[in-house]
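Below you'll find the structure, written out as structure tokens, and then a few comments.
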Amino acid sequence: MRYRGEVDGLRAVAVVPVILFHAGFGAFSGGFIGVDVFFVISGYLITTIIVDDIERGQFSIRRFYERRARRILPALSLVLLACIPFAWWLMDPFEMKEFGQSIVSTATFSSNVYFYLKTGYFDTASELKPLLHTWSLAVEEQFYIVFPVLLVLIWRFGTRVVVGTAILATVVSFWLAERGVQSAPSATFFLPHSRAWELSIGSLVALYLRRPDLRAPPAILSQGLTLAGLAMILLPVGLYSAETPFPGLYALPPVIGTSLIILFATPGTLVHRVLASRSFIAVGVLSYSAYLWHQPIFAFSRIYRLDELTPAIALAGIALTFLLAMATKRFVEDPARFRLLKGKQNAVLASAALVSVAFVAFGAFLHVERGLPGRSSLGLQLAQNYGLSPRCSGAALDDAACQRGADPATLLWGDSIAMHVGRAVAEAGDGVVQATLSACPPIIGYTKAQRRAAISCAEFNETVFTALSDKTFPSVQRVVMASTFGMLRDEDSATLLRETLEATRDLGYEVILLSPTPTHGAILKCIKQQSRGNGQFAACDFPQASAANQDIFDELSTIARDAGIRFVDLRELICADAQCTVKVGDTILYRDNIHLANGADQKVETFLRYAFAQP
């Protein structure tokens with residue numbers, strides 16, 4: 001395959017907007033389209049390399065994966081290793097646990113699936129995820145698993161069959177992308193079925209350029225087409241935003257623009273002269289390492305600052321990105337690709353497997369250890385609060401870890417807001433059966449919850465209600481139901497909750513509707529700031545009227561009254577004189593913006609014991 005400097009220059013056009021977008025510069029709100037440029041380039045290059053080898057009779061799957069391992073893993077491994085000490089220093093336990101999960105998914109090239117599954121309220125913000133950008137590497141690697149084998153199998157049937165198959169794959173994948181941007185936007189953005197068309201268009205470009213009867217178009221046409229192609233890449237960088245339905249129709253301009261440049265940027269065109277210039281090539285050859293480094297740098301900077309990046313810090317981060325990219329290319333990428341273990345194919349593949357297994361093991365360790373909360377005293381309080389046990393999210397109702405007391409008098413039903421009072425309810429309510437599932441409100445018939453476990457929210461709630469109906473727990477006399485209840489802003493959900501409360505009451509149980517905590521978007525940020533500073537947690541207090549979920553409390557009170565059951569309002573514990581506090585005495589109450597901290601149990605237990613005793 002002959003070297004094309006303009007393609008390396010095109011990599012620069014792809015990577016710079018992505019970096020500026022992640023740095024937070026508003027003028028580059030559509031910079032994410034740089035990934036689509038990379039997809040087309042990858043499809044073009046990989047197809048060209050494979051077809052060259054097939055035609056020379058030299059293609060080998062083992063050799064193909066050896067080259068991919070040399071190209072991808074060394075720099076990626078370095079970045080993963082570099083992230084670990086910063087994660088240890090800066091991340092709270094929940095963030096650290098998620099970081100461990102993302103290491104596992106990155107090492108197994110499934111991070112696109114992971115980040116798709118992790119969308120939801122129980123998640124850290126995307127800009128705080130150091131490995132978020134690896135989703136695109138996963139898409140490419142998944143393509144590399146399927147594409148070479150498929151190409152080898154159908155090549156024997158001739159070029160027409162190969163081209164026809166690529167066209168069919170492109171059309172189907174594009175249709176799925178366009179259809180999915182409205183119905184399943186997160187899945188459509190991250191998953192390979194709706195991204196494959198961008199890579200297959202790159203493959204079609206490669207196949208077209210191999211035609212024996214190919215003739216160069218008139219110079220003026222090449223000039224116009226490549227300028228149009230460059231505009232189709234650059235304009236979306238400034239015009240698109242996070243609200244743009246993507247991919248789908250809106251991904252066509254950068255994809256077609258990239259294709260036009262690869263097809264027609266011949267020597268003599270202005271676009272060729274620009275992209276094949278030393279400066280563009282210099283940035284382009286650093287694109288892979290720069291892409292790997294930029295997101296961790298920005299994410300850890302934001303975590304440290306507990307705020308968005310200033311322009312000066314963002315620019316410093318960009319400078320550091322390219323300095324590290326230059327060092328990585330010289331001391332890691334180039335030696336790994338061209339010198340280390342030269343000619344030792346098995347050794348390369350074995351080393352790649354061992355490194356991947358090591359990262360998977362470390363990431364799994366962080367997950368199992370729940371982000372290592374023992375790293376600090378504050379970390380112990382901010383660790384994820386599962387109630388009786390980490391197993392109590394969707395656990396079978398007869399799981400002994402989720403029961404306290406020989407004859408529990410209370411069943412606790414709800415989502416993570418129910419979990420965080422699990423231990424307190426157990427002590428205040430003479431034992432408890434904890435029936436909880438993350439992101440699943442205790443509402444029979446509620447189907448809008450995203451599936452986050454082996455059992456769906458609707459199935460889980462039906463199981464709980466059936467157990468209550470069948471008196472599976474004969475000692476249970478009281479049912480405490482708790483959730484964020486944010487869905488009550490939807491009238492249908494409010495009706496379903498009212499019906500669930502009445503149905504549970506009619507079974508003969510004492511039913512208590514427990515409120516969430518008043519929430520404010522700056523609580524966790526303030527707690528972290530004060531823990532690093534002078535510890536004046538009173539600065540984190542906020543007016544009750546400014547709680548983001550203030551309307552939910554009024555709705556819950558009304559629903560409870562209409563259903564003839566009791567409403568227990570946690571504002572009576574947290575807010576005195578209309579001022580909500582995050583710390584009572586030596587006890588920090590919050591572990592994030594809405595969940596109660598580990599260590600708040602005694603305060604909550606005292607409050608609930610009093611509340612449960614009221615008629």
- Query: What number goes with the only condition from (1) free of Cβ contacts under 8 Å to residues at least 12 places away in the same chain; (2) open to solvent by less than 10 Å² (accessible area, probe 1.4 Å) that Ile417 does not pass?
  - Reply: (1)
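Do you know which of the residues in the range 195-225 that are of a type in the set (A, V, I, L, M) and assigned to a loop (DSSP other than H, G, I, E, B) is most open to solvent (accessible area, probe 1.4 Å)? So that I can check it myself, show each step before the final result.
First, the residues of the range 195-225 that are of a type in the set (A, V, I, L, M): 196, 199, 201, 204-207, 209, 214, 216, 219-221, 225.
Going one step further and asking which of them are assigned to a loop (DSSP other than H, G, I, E, B), we end up with 209, 214, 216.
Values: Leu209: 53, Leu214: 65, Ala216: 90 Å².
Residue satisfying both the conditions and the ranking: Ala216.
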- Message: Filter the range 6-53 down to the residues that are more than 25 Å from Leu270 (Cβ to Cβ) and not in a helix (DSSP H, G or I) and list them by number.
- Response: Gly24, Phe25, Ser29
- For the range 490-535, how many residues meet the condition of being more than 25 Å from Ala467 (Cβ to Cβ) and part of a strand (DSSP E or B)? 0
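Return the residue satisfying two criteria in turn: it lies in the range 339-389 and is in a loop (DSSP other than H, G, I, E, B), farther than 24 Å from Leu80 by Cβ and open to solvent by 60 Å² or more (accessible area, probe 1.4 Å), and of such residues it is modelled with the highest pLDDT. Reasoning before the result, please.
Kept after step one, since they are in a loop (DSSP other than H, G, I, E, B), are these residues of the range 339-389: 339-344, 369-372, 376, 383-389.
Cutting the leftovers down to farther than 24 Å from Leu80 by Cβ gives us 342-343, 385-389.
From what is left, the residues that are open to solvent by 60 Å² or more (accessible area, probe 1.4 Å) are 342-343.
Values: Lys342: 79, Gly343: 74.
The selected residue is Lys342.
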- Task: Starting from the range 317-332, take each residue that is within 13 Å of Leu286 (Cα to Cα) and list its partners that are of a type in the set (Phe, Trp, Tyr) and modelled with pLDDT of 95 or more, counting only C-beta distances under 7 angstrom and pairs at least six apart or across chains.
- Result: Thr321/Trp293; Leu324/Trp293; Ala325/Trp293
- Per the filter on the range 226-247, residues surrounded by 21 or more Cβ atoms within 10 Å (Cβ to Cβ) and not in a helix (DSSP H, G or I) are Tyr240, Phe246, Pro247
- Task: Check Ala169, Ala82, Ala184 and return the single one that is more than 29 Å from Ser287 (Cα to Cα), open to solvent by 20 Å² or more (accessible area, probe 1.4 Å) and out of contact with any Gly (no Cβ under 6 Å at 6 or more places or on another chain).
- Result: Ala184
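Taking the range 465-477, which residues are closer than 16 Å to Glu502 by Cβ and in contact (Cβ under 8 Å) with a residue 40 or more places away in the chain?
First, pick out the residues of the range 465-477 that are closer than 16 Å to Glu502 by Cβ: 465, 468-469.
Of everything in the range 465-477, just one residue is closer than 16 Å to Glu502 by Cβ and in contact (Cβ under 8 Å) with a residue 40 or more places away in the chain, namely Leu468.
Closer than 30 Å to Thr258 by Cα, open to solvent by less than 30 Å² (accessible area, probe 1.4 Å), of a type in the set (D, E, K, R) and part of a helix (DSSP H, G or I), is that true of Glu95?
Details: closer than 30 Å to Thr258 by Cα: no; open to solvent by less than 30 Å² (accessible area, probe 1.4 Å): yes; of a type in the set (D, E, K, R): yes; part of a helix (DSSP H, G or I): yes.
Spelling it out, it is not the case that Glu95 is closer than 30 Å to Thr258 by Cα, open to solvent by less than 30 Å² (accessible area, probe 1.4 Å), of a type in the set (D, E, K, R) and part of a helix (DSSP H, G or I).
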- Determine if the range 295-308 includes at least one residue that is of a type outside the set (S, T, N, Q), open to solvent by 30 Å² or more (accessible area, probe 1.4 Å) and over 27 Å from the mean Cα position of the chain (by Cα). no
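What residue, among those in the range 54-65 that are part of a helix (DSSP H, G or I) and open to solvent by 20 Å² or more (accessible area, probe 1.4 Å), is farthest from Leu366 (Cα to Cα)? Show your work before the answer.
First, the residues of the range 54-65 that are part of a helix (DSSP H, G or I): 54-55, 61-65.
The next check asks that each one be open to solvent by 20 Å² or more (accessible area, probe 1.4 Å); those that pass are 54-55, 61-63, 65.
On the way: Ile54: 44, Glu55: 47, Ile61: 34, Arg62: 33, Arg63: 34, Tyr65: 29 Å.
Going through the qualifying residues, I end up with Glu55.
Got a sec? Which of Asp562, Asp592, Asp554 is in a loop (DSSP other than H, G, I, E, B), of a type in the set (D, E, K, R) and either out of contact with any strand residue (DSSP E or B) (no Cβ under 7 Å at 6 or more places or on another chain) or in contact (Cβ under 8 Å) with a residue 12 or more places away in the chain (or both)? Working first, answer last.
Working: Asp562 fails: in a loop (DSSP other than H, G, I, E, B); Asp554 fails: in a loop (DSSP other than H, G, I, E, B).
None of the others qualify; the one that does is Asp592.
Which one is least open to solvent (accessible area, probe 1.4 Å), of the residues in the range 394-411 that are assigned to a strand (DSSP E or B) and without any contact (Cβ under 8 Å) to a residue 40 or more places away in the chain? Don't jump to the end; show me each part of the working.
Of the range 394-411, the ones assigned to a strand (DSSP E or B) are 403-404, 410-411.
Right, trim to without any contact (Cβ under 8 Å) to a residue 40 or more places away in the chain and you get 403-404.
Working: Gln403: 55, Arg404: 89 Å².
Filtering the range 394-411 for residues that are assigned to a strand (DSSP E or B) and without any contact (Cβ under 8 Å) to a residue 40 or more places away in the chain, the one least open to solvent (accessible area, probe 1.4 Å) comes out as Gln403.
The values are calculated or read from the model by the stated rules, or taken from the named source; none is laboratory data. Everything quoted here is computed from the prediction, not taken from an experiment. Neighbour counts are summed over all protein chains in view; Cβ atoms, including those assigned to glycine, are modelled from backbone coordinates with ideal geometry. Side chains included, ligands, DNA and RNA excluded: accessible areas come from the protein's heavy atoms. Shrake-Rupley method; radii C 1.70, N 1.55, O 1.52, S 1.80 Å.
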